[in-house]
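These notes concern the structure reproduced below.
The values are calculated or read from the model by the stated rules, or taken from the named source; none is laboratory data. All values reported here derive from a predicted model rather than from experimental measurement. Cβ coordinates were reconstructed from backbone atoms using ideal geometry, including for glycine residues, and neighbour counts include every protein chain displayed.
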Amino acid sequence: MKKALINDWYYVNGGAEKVIHSLNAIWDDFDHFALIDFLNQSDRDFILNGKSAATTFVQKLPTAKSNHRKFLQLFPSAMSQFDLSGYDLVLSSSSSIAKGVRTKPEQLHICYCHSPMRYAWDLQTQYLQDAGLHKGLKGKYAQYVLRKMRQWDLQNSPQITHFIANSKYVAQRIKSIYQREATVIYPPVNTTFFTLQESKKDYFFTASRMVSYKKIQLIVEAFNEMPHHQLIVAGTGPELDAIQKIAKSNIQLLGFVDQEQLKYYLQNARAFVFAAEEDFGIVPVEAQACGTPVIAFGKGGVLETVLPEQTGLFFHEQTAQSIQAAVKLFETKKFDLKTIREHAEKFSKERFELEIKNFVNEKYELHQKQFVI
């Protein structure tokens, strides 16, 4: 079985890249493809076993490394340049464009879908506002580009033989947008690295890229009004400067943290606070693997990963007042930290790799029978 693995892009080591790491742990003979590949060497060693991905012409465009998204209108033509016709299996890992590569019916194309492209579908308005492209001629052009992206996305979805969704929440959106069924296989969480610690310190913790839909500023605003509670925040991004300006003395902003630092702060926190509506959300599960309860906005993937009153609590509005009420309720509760840890083990890296391997092997065998001459 000659195998191609295509990811949207490589420039950070995030949740999608942890999926790629696990896929490479199952099969070490993938040929790799992506829109761009700007990984540093340590991330490359972890994600791609030191390999590089074949890339598109976007890789060589000015400023592509610092802001590849400005070339969004070129992404479909860039993806079309890949010739994957010689592969038996095409495995795409996609929250954007990777699943749009061209394949033939006799090829098995399995898409591990983190999300239908958010910026073109359900979060279009928010993305345009954040980019300052919600009005004027630039706004009209941006809307035109996103409309063309949606059309391209829909036209290419029938080429995918099987969809895998990273949560039931995403499977519902795949059904709604593409009219396709998806098998749910939850992403890998490194529960051997993120381990139980039962002694906790007196702070709350959150960690994320600082972009608007992650709602880090909202969490900071909530804790600004709770001066007797310490909040520690990890992460960088476009909203960091604005958050630094409003954060009061009970809030500590760490900026970027590596995995060892992330583990330390997750293990020692009283609770992990999560205000985003995420497709899955790996960090809340990493927190639970450390025996740390989660205070989360009760929508999206966390409804599948957090057990209310057992491994955490939900708040139901993305407002500072709702977060404050949840923190107040949290202080009246007692959680069994071992139970929290045991729940997180259901999302382990080993479980993911076994489920993916079995799924691909089963579908490949059936596909071969279908096209045997």
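If you check A165 against the conditions, is it farther than 24 Å from E260 by Cα, surrounded by fewer than 20 Cβ atoms within 10 Å (Cβ to Cβ) and small (G, A, S)? In short, no. Checking each residue in region 49-82 for being among the small types (G, A, S), under 22 Å from the mean Cα position of the chain (by Cα) and more than 21 Å from N24 (Cβ to Cβ) picks out A64, S66. Taking (1) at positive phi; (2) crowded, with 19+ Cβ neighbours inside 10 Å in turn, E309 satisfies each apart from (2). Checking every residue in region 264-271 against the condition of being in a helix (DSSP H, G or I), crowded, with 18+ Cβ neighbours inside 10 Å and of a type in the set (S, T, Y) gives at least one match. Checked against the criterion of being basic (K, R) and free of Cβ contacts under 8 Å to residues at least 60 places away in the same chain, the candidates K369, K357 yield just one match: K369. Among the residues of region 196-220, those identified as touching a helix residue (DSSP H, G or I) at 6+ places or on another chain (Cβ under 7 Å), of a type outside the set (D, E, K, R) and in a loop (DSSP other than H, G, I, E, B) are L196, Q197, S208, M210.
Every residue in region 288-304 that is free of Cβ contacts under 8 Å to residues at least 60 places away in the same chain and surrounded by 19 or more Cβ atoms within 10 Å (Cβ to Cβ), please. The answer is Q288, P293, V294, A296, V302. Considering region 18-48, and only residues there that are within 20 Å of the chain's Cα centre (by Cα) and closer than 21 Å to Q81 by Cα, the residue that is surrounded by the fewest Cβ atoms within 10 Å (Cβ to Cβ) turns out to be F38. Number of residues in region 75-116 that are outside any loop (DSSP other than H, G, I, E, B) and surrounded by 17 or more Cβ atoms within 10 Å (Cβ to Cβ): the value is 19.
Answer yes or no as to whether L74 is assigned by TED's automatic domain parsing to the domain that holds E362 and in contact with a strand residue (DSSP E or B) (Cβ under 9 Å, 6 or more places away or on another chain). Criteria not met by L74. Scanning region 162-184 for residues that are in contact (Cβ under 8 Å) with a residue 12 or more places away in the chain, assigned to a helix (DSSP H, G or I) and not aromatic (F, W, Y) yields a total of 6. How many residues are hydrophobic (A, V, I, L, M, F, W, C) and in contact with a Ser or Thr (Cβ under 9 Å, 6 or more places away or on another chain) if we restrict to region 304-335? The number of residues fulfilling the criteria is 3. Somewhere in region 38-56, is a residue touching a residue at least 40 places away in the same chain (Cβ under 8 Å), assigned to a strand (DSSP E or B) and outside the structural domain of D258 (by TED's automatic domain parsing)? No. The residues of region 314-326 that are out of contact with any Gly (no Cβ under 8 Å at 6 or more places or on another chain) and buried (at least 21 other Cβ atoms within 10 Å of the Cβ), listed by number, are I323, A326.
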